[in-house]
Amino acid sequence: MAEETPQVAVIMGSASDWETMKHACEMLDQFKVPYMKQVISAHRTPELMADFAHSARDKGIKVIIAGAGGAAHLPGMVAAQTTLPVIGVPVRSHALSGWDSLLSIVQMPGGIPVATTAVGNSGATNAGLLAVSILSITDGSLADELKAYRESLKEKVAQSNAELV
Ligand code: RP5
């Protein structure tokens with residue numbers, strides 16, 4: 001959806017986060033929400049992170065999804081430099097299975113919020129859905145599509161029950 005102004009920015013601390021963060025992008029693709037994706041590291045490219053955060057709103061971005069692992073400061077540091085909603089996705093780390101990522105993203109001191117999801121792929125999927133949900137506040141057709149998506153989940157449960165026999 002590169003031809004339209006991105007409404008969501010999906011950023012991640014490393015290319016190694018893509019396997020997780022692609023699940024957020026898949027949801028945005030499914031709902032046809034224009035988005036951009038970029039590797040921006042809080043500790044390797046701090047100036048780029050600051051430029052991105054300061055200019056995001058002026059560029060038309062409405063929601064930022066930020067994924068990172070380990071000492072995962074990207075979501076919090078971006079949130080510190082923008083008033084846009086920031087959704088943090090804790091990426092599963094090798095050393096501590098994502099506990100480090102989760103705790104370093106979720107425990108923001110009062111004043112600078114980061115909406116933190118579950119660790120890993122489910123968290124990234126839900127970050128995409130949460131971004132769609134935020135956009136649906138002012139976009140009725142997205143709200144309808146979200147309703148239809150929920151119905152499809154319901155139908156899958158009914159179908160799986162039918163297959164239990
Ligand atoms: C963080 O360190 C990234 O978000 C990634 O999850 C983790 C490991 O990065 P790489 O060493 O794979 O580049 O900055």
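From the Cα gyration tensor of segment 113-165, with a ≥ b ≥ c the square roots of its eigenvalues, which class applies: rounded if a/c is under 1.5, or else prolate if a/b is larger than b/c, or else oblate?
Details: a/c = 4.54, a/b = 1.43, b/c = 3.17.
Judged from the Cα gyration tensor, segment 113-165 comes out oblate (a/c at least 1.5, b/c at or above a/b).
Ordered by residue, what ³J(HN,Hα) values in Hz, to whole numbers, does segment 8-24 give under the Karplus form 6.51 cos²θ - 1.76 cosθ + 1.60, where θ = phi - 60° and Gly and Pro are x?
Coupling constants for segment 8-24: 10, 10, 9, 10, 8, x, 7, 4, 5, 7, 4, 3, 7, 5, 4, 5, 5 Hz.
Can you tell me how much longer the chain between ALA50 and THR138 gets when fully stretched, taken as 0.36 nm per residue apart minus their C-alpha distance, in nm with one decimal? Write down the numbers at each step before the final one.
Details: separation 88, 0.36 × 88 = 31.68 nm, distance 2.80 nm.
That works out to 28.9 nm of additional length.
Step by step: find N for segment 8-139, compute 2.2 N^0.38 Å, then divide the Cα radius of gyration by it. What's the final number? Mind showing how you got there, number by number?
Values: Rg = 13.1 Å, N = 132, 2.2 N^0.38 = 14.1 Å.
It is 0.93.
Roughly what would the spin-label model give for HIS94 and ALA162, points 7 Å off Cα along C-beta, in nm?
Distance between label points: 4.6 nm.
Run the dipole for segment 1-76 about the Cα centre, Lys and Arg Cβ at +1, Asp and Glu Cβ at -1, nothing else charged, and hand back the magnitude in debye, nearest 20.
Numbers: 7 positive and 9 negative charges, 27 e Å.
Once rounded to the nearest 20, the dipole reads 140 debye.
Provide the per-residue ³J(HN,Hα) series for segment 122-136, in order, calculated from phi with Karplus coefficients 6.51, -1.76, 1.60 and θ = phi - 60°, each as a whole number of Hz, with x at glycine and proline positions.
Whole-Hz 3J(HN,Hα) from phi for segment 122-136: 4, x, 5, 4, 5, 4, x, 5, 5, 4, 4, 4, 5, 5, 5.
Taking the Cα centre of the chain as the origin, how large is its charge dipole in debye, to the nearest 20, when only Lys and Arg (+1) and Asp and Glu (-1) carry charge on their Cβ atoms? Present the calculation step by step, with values, prior to reporting the outcome.
Values: 12 positive and 16 negative charges, 52 e Å.
The dipole of the chain has a size of about 240 debye.
Among VAL10, THR83, VAL119, which residue has its Cα furthest toward the positive end of the charge dipole of segment 6-165, with +1 on Lys/Arg Cβ and -1 on Asp/Glu Cβ?
THR83
Relative contact order, percent, of segment 29-165 when contacts are C-alpha pairs under 8 Å separated by at least 6 residues? Mind dumping the intermediate values first?
Values: 186 pairs, mean separation 25.2, N = 137.
Across segment 29-165, relative contact order equals 18 percent.
Can you give the calculated 222 nm mean residue ellipticity of the chain, where each DSSP H run of n ≥ 4 adds -39,500 (n - 2.57) and the sum is split over every residue, rounded to the nearest 500 deg cm²/dmol? Display every interim value, and only then the final one.
Working: 6 runs with 75 residues, N = 165.
That comes out to -14500 deg cm²/dmol.
The numbers here are math on the coordinates, done by the rules we state, and not lab data. All values derive from a computational prediction rather than experimental measurement. In this analysis, Cβ positions are derived from the backbone assuming ideal geometry, glycine residues included, and neighbour counts consider all displayed protein chains.
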